[in-house]
Amino acid sequence: MENEMRLYYFSNRLGGTFLRLSWIFVIAAFVPALAVLALWASAVLTGLYVLILFAMTVVTLGMLLLNEDFRALYDVGGGIETISSIVQSVNRFYIGAMPVFLALGLSMCVTSIVLAALRKEPKGKVSRIVGSSIAAAMLILAAIIFYGYAMNVQV
Amino acid sequence: MKIFLENRSDEAVYYEGKRLPLKKENKTTYSAEIPDGEGEAEIRIVRRSELSDKFWALFALLFWVIGIMGFFTPRYSKDTDALDCKVRFTRRAEPLYTLLDKVPLKRRKVVRGMPPPVSCVRLRVGETAQTIEPLYVPDERAARRRKKYKLFSWLARIVLIALIIFLAVYFTVNG
């Protein structure tokens with residue numbers, strides 16, 4: 001009975017730890033997608049910014065354009081270039097890192113599911129299986145987004 | 001014959017040395033089924049904290065490392081009370097149900113001026129069974145070990161994080 005209880009506690013704790021760790025890999029796997037989103041967001045915000053500047057110019061009948069400092073505000077290329085280089089760096093890193101995150105994350109999810117399925121104790125069994133399955137699905141989705149799109153983003 | 005465990009109990013039920021699988025009946029009740037038969041039968045209902053195991057320190061250290069300084073490993077339960085109860089009964093032709101209540105913490109202990117502790121085994125009216133040690137017993141050793149684990153865990157985290165920051169600054173400054 002002692003050994004059986006020990007094994008039960010060990011497998012229960014291992015499954016729980018792996019489930020929590022797998023969510024770290026899910027978050028890490030979504031970083032390239034978030035970087036591309038940040039690039040889009042910066043492009044949209046830059047567009048809004050230029051629109052506001054243009055509105056100000058129109059309202060002042062172009063008088064503001066006589067000011068050199070105001071004209072310099074229209075130069076927005078630097079910001080987008082910075083974000084673009086960050087996205088490229090992230091993509092380069094993830095070409096090597098994504099398979100590792102995917103392998104580790106999925107193996108932890110599968111282990112957690114198997115350990116939960118083998119439990120004689122039903123308490124928390126379903127929630128652990130569901131949680132691990134969702135984590136695995138999110139990992140696969142992050143990988144699809146990266147290999148299908150984010151990796152090929154060029155600016 | 002069925003044994004019901006109420007209120008998401010985390011007790012284990014043993015029959016003839018084998019742990020019985022539990023089945024969920026509804027949100028708060030689980031059941032274990034004992035094979036039908038004749039004559040006397042005995043079940044054992046056990047609840048024990050993980051921290052009462054003799055290898056607790058080894059497992060705690062292992063999961064502290066795997067769980068990245070223990071941040072990602074499930075917490076040890078605050079409820080360390082132990083239970084090791086035997087129920088002896090004579091099997092009858094018709095089904096016999098024994099109910100097991102998860103007793104609230106404050107009703108388990110002997111407290112001056114309060115009613116006596118509640119037995120964890122509640123039989124239906126008309127049922128007869130002999131219960132041996134049906135009360136929860138505080139596991140002081142497990143409670144102490146839980147405090148020790150928390151203390152050493154936080155100390156180790158502070159030391160390790162300080163070391164990482166020191167090394168990061170050192171290698172950044174020195175190139």
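When every residue of the range A:95-111 is checked against the conditions, at least one turns out to be assigned to a helix (DSSP H, G or I), touching a Ser or Thr at 6+ places or on another chain (Cβ under 7 Å), of a type in the set (A, V, I, L, M) and at pLDDT 80 or above.
In the set B:44, B:19, which member is among the charged types (D, E, K, R), surrounded by 15 or more Cβ atoms within 10 Å (Cβ to Cβ), free of Cβ contacts under 8 Å to residues at least 40 places away in the same chain and touching a Lys or Arg at 6+ places or on another chain (Cβ under 8 Å)? Full working, then the answer.
On the way: B:44 fails: free of Cβ contacts under 8 Å to residues at least 40 places away in the same chain.
Exactly one residue qualifies, and that residue is B:19.
Scanning the range B:19-49 for residues that are of a type in the set (Lys, Arg) and either farther than 21 Å from residue B:133 by Cβ or facing another protein chain (nearest Cβ under 9 Å) (or both) gives B:19, B:23, B:24, B:27, B:44, B:48.
A single member of B:80, B:73 is at the interface with another protein chain (Cβ under 10 Å from one of its Cβ atoms), touching a helix residue (DSSP H, G or I) at 6+ places or on another chain (Cβ under 8 Å) and modelled with pLDDT of 80 or more, and it is B:73. Of the helices (runs of 4 or more DSSP H) lying entirely inside the range A:1-86, those containing at least 3 residues that are within 11 Å of chain B (Cβ to nearest Cβ) and surrounded by 15 or more Cβ atoms within 10 Å (Cβ to Cβ) are A:2-29.
Got a sec? Which strands (runs of 3 or more DSSP E) wholly within the range B:1-68 have at least 2 residues that are within 30 Å of residue A:25 (Cβ to Cβ)? Step through it out loud before you land on a result.
Working: elements: B:2-6, B:12-15, B:22-26, B:29-33, B:39-47.
Once the strands (runs of 3 or more DSSP E) in the range B:1-68 are filtered for at least 2 residues that are within 30 Å of residue A:25 (Cβ to Cβ), nothing remains.
Scanning the range B:50-70 for residues that are in contact with a helix residue (DSSP H, G or I) (Cβ under 8 Å, 6 or more places away or on another chain) and facing chain A (nearest Cβ under 9 Å) turns up B:50, B:53, B:55, B:59, B:63, B:66, B:67, B:68.
The values are calculated or read from the model by the stated rules, or taken from the named source; none is laboratory data. Note that this is a predicted model, so its numbers are computed, not measured. For neighbour counting, all protein chains shown are included, and Cβ atoms are generated from backbone atoms with ideal geometry for every residue, glycine included.
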